[in-house]
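No lab work stands behind these numbers, since they all come straight from the coordinates. Keep in mind it's a predicted model, so treat the numbers as computed, not measured. Methodologically, a virtual Cβ is constructed for each residue, glycine included, from the backbone with ideal geometry; neighbour enumeration extends over all protein chains shown.
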Amino acid sequence: MMQAEGAATPHGEASLREQLVGMIERLPDGSMPLGELLDRFGEDGLLLVTIFLTLVFLIPVSIPGVSTAFGAVILLVGVSRLRGKPLWLPARLRARSIPTARLRPALERGLGWVQRLEKVSRPHRLPGLAHGRAVELVNDAAFILAALLLMAPFGFVPFSNTLPAIALLLFSVGFLQRDGGAVLLAHLANVATIVYFGVLIGGGGLVMKELFNRIGLG
């Protein structure tokens, strides 16, 4: 069973997917403050929080404002892991209203990724990539990078949120399972995201240059 580090789950022997399904089903209609949403995780742990917040980005659909808020929380999760401190959120972020009615369908569709990863993830596979202080520092820094990539202002572009979300999901499952294979795939997803963003930026620059040339400003 996958559990958050050092945290007992109140869901008995439920699988990770079953825990997440239960949390989604308990979301209220309408909206709720982000802080209240996070409080519902209790002691389940920061990585379970990350997986839950990541689900909505695993499909190529953008919900305005969510990537910034959720990305900020995931970023702070990464910082707290790097510092070995409890998660802290500023009051303004905790009070941020989250449209749960719009989130629920996206969260449910993202659960397929979790189910697939549960089937292929293997505890303690390639342990050298997942365990050890130096390795953990590198991995936590890469986790923070993925959160920053998730927050990049490309939400209107298909897969711009999906790629870093896949990296974060793989990191989280890899950390929970001590699965170096999942962690390695997460690093590769980070690289793929950077390459994709580079293509977007480079292509946008070429389009702008061509436009300026056509209107005589180049």
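Could you give me the percent of Cα pairs per 10 Å distance bin for segment 16-188, shortest bin first, beginning at zero and ending with the bin that holds the maximum distance?
10, 41, 38, 10, 0
Explain nothing, just compute: Karplus ³J(HN,Hα) = 6.51 cos²θ - 1.76 cosθ + 1.60, θ = phi - 60°, for every residue of segment 15-28 in order, whole Hz, x for Gly and Pro.
Residue by residue, segment 15-28 yields 6, 4, 4, 5, 4, 5, 4, x, 5, 5, 5, 8, 5, x Hz.
Based on the mean of other Cβ atoms within 10 Å per residue, sort peptides 187-198, 83-94 so the most packed one is first.
On the way: 187-198: 16.6, 83-94: 11.2.
Going by the mean number of other Cβ atoms within 10 Å, highest first, we get 187-198, 83-94.
Name the long-range amide H neighbours of M32: under 5 Å, sequence gap of 5 or more, or other chain; modelled H, no Pro or chain starts.
For M32, the qualifying residues are I98, T100.
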